Amino acid sequence: MIPAVTIPLDRTEFLNGLAAGSIALAIGVLVSAAPRVLARPALRWGSAGLLFAGAALAGLDRTHGAPGGLVGGAALVAVAAGVAARLPLAFRLAAVVPGAWLVAAHGAIPGRSWVRVLVFATIVAGSALVADLDRRTARRGLGPLLFAVSVGGVYATVPDTEQALVLIGVAAPVALLGWPLRRGTLGPAGSAASVAVLAWTAAVGGVGRPSSIVGAVGCLGLFVVGPVSRRTSGVAAPVVVAAHALLVLVSARVAGLRTTVHAAVTVVLLELVVGVAVWGTARRRP
């Protein structure tokens, strides 16, 4: 029987995350209300993504002490992704490599070496994929909302939820900057930093059941399927959210609960292949 998922709203981790996320939401609303400030290129990198990552790091540091490798690596990938945002894909991927390595190698990630390799690969590839889908859905403000669903999937997957609970608290208010407020996007820099925090949380929280790390990474869901199929921009918003939620559900509660890493990888890969095939035929909005 699959265990139920509950969110303990009275836990210190959640409350610290919620406080940090609420402050981030307030900052995002204030910044978005100042057109002259928004005109500055630095803030075009995505206020919601940067605010999520910053608030998550603050919440993690307050509850568990965020490793220097995570903080420095997240900052480095954010700067690199923002600077390289207009460059070809190969340059954007190469730009985040140093920061991704810093998180993977010096982020105090426990477990076997393949876990650190997976974290590194997730940050490098995920930074571009998340930014791509966020850009395609920017006018509808779906990026922050979809990422919050991915965060929920990570929480529902990993056996040790202390860090993921912080991210849940942060993501809930920050997602509002995307939908329904439409005041911010994840952006290239914010996408990279957010993926770095999510991948690290998946690795640390999943150490007790390695297959859950694979399932948690698979919770990027439509962030992988959408850019590959190139169809998301023409699909109705409720369909986009529902499709992403379904992909996250399969990764979290099917792949992430397998007894072996091999089985989890098989489920995630099969899910993504089917997702790309089905999403490629998705009906466009009139």
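We did not get these values from a lab; they are worked out from the coordinates using the rules stated. Since the structure is predicted, the reported quantities are computational estimates derived from the model, not experimental observations. As a convention, Cβ positions derive from the backbone with ideal geometry for all residues, glycine included, and neighbour counts pool all protein chains shown.
Overview of results
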| item | result |
| --- | --- |
| Relative contact order for segment 48-129, counting Cα pairs under 8 Å that sit 6 or more residues apart, in percent | 30 |
| Estimated 222 nm signal from helices in the chain, with DSSP H stretches of n ≥ 4 weighted -39500 (n - 2.57), rounded to 500 | -22500 deg cm²/dmol |
| Gain upon complete extension [LEU246, ARG62; 0.36 nm per residue less C-alpha separation] | 63.0 nm |
| Approximate spin-label separation LEU270-ALA108, in nm, with each point projected 7 Å along Cα-to-Cβ | 3.8 |
| The chain: DSSP helices with Cα axial extent of at least 18 Å and average Kyte-Doolittle hydropathy no lower than 0.0 | 12-32, 47-63, 68-83, 113-136, 142-157, 162-174, 187-205, 237-253, 261-279 |
| FRET efficiency estimate (nearest 0.05) - Cβ-Cβ, ALA94 to ASP160, R0 25 angstrom | 0.15 |
| Against the rule of thumb 2.2 N^0.38 Å, how large the Cα Rg of segment 74-168 comes out | 1.16 |
| Cβ-based exposure ranking for SER251, SER191, in which fewest neighbours within 10 Å come first | SER251, SER191 |
| Cβ-Cβ FRET estimate between LEU30 and THR260, R0 fixed at 35 Å, reported to 0.05 | 0.15 |
| Convex hull projection area averaged over all views, segment 143-286, Cα basis, nm² | 8.0 |
| Computed lengthening from ILE7 to VAL239, 0.36 nm per intervening residue step minus Cα-Cα distance | 80.9 nm |
| Calculated FRET value between ARG86 and ARG139, using beta carbons and R₀ = 22 Å, to 0.05 | 0.70 |
| The chain: relative contact order in percent, alpha carbon pairs under 8 Å with at least 6 residues between | 24 |
| Computed Rg/Rh of the chain, alpha carbon atoms with Kirkwood Rh | 0.94 |
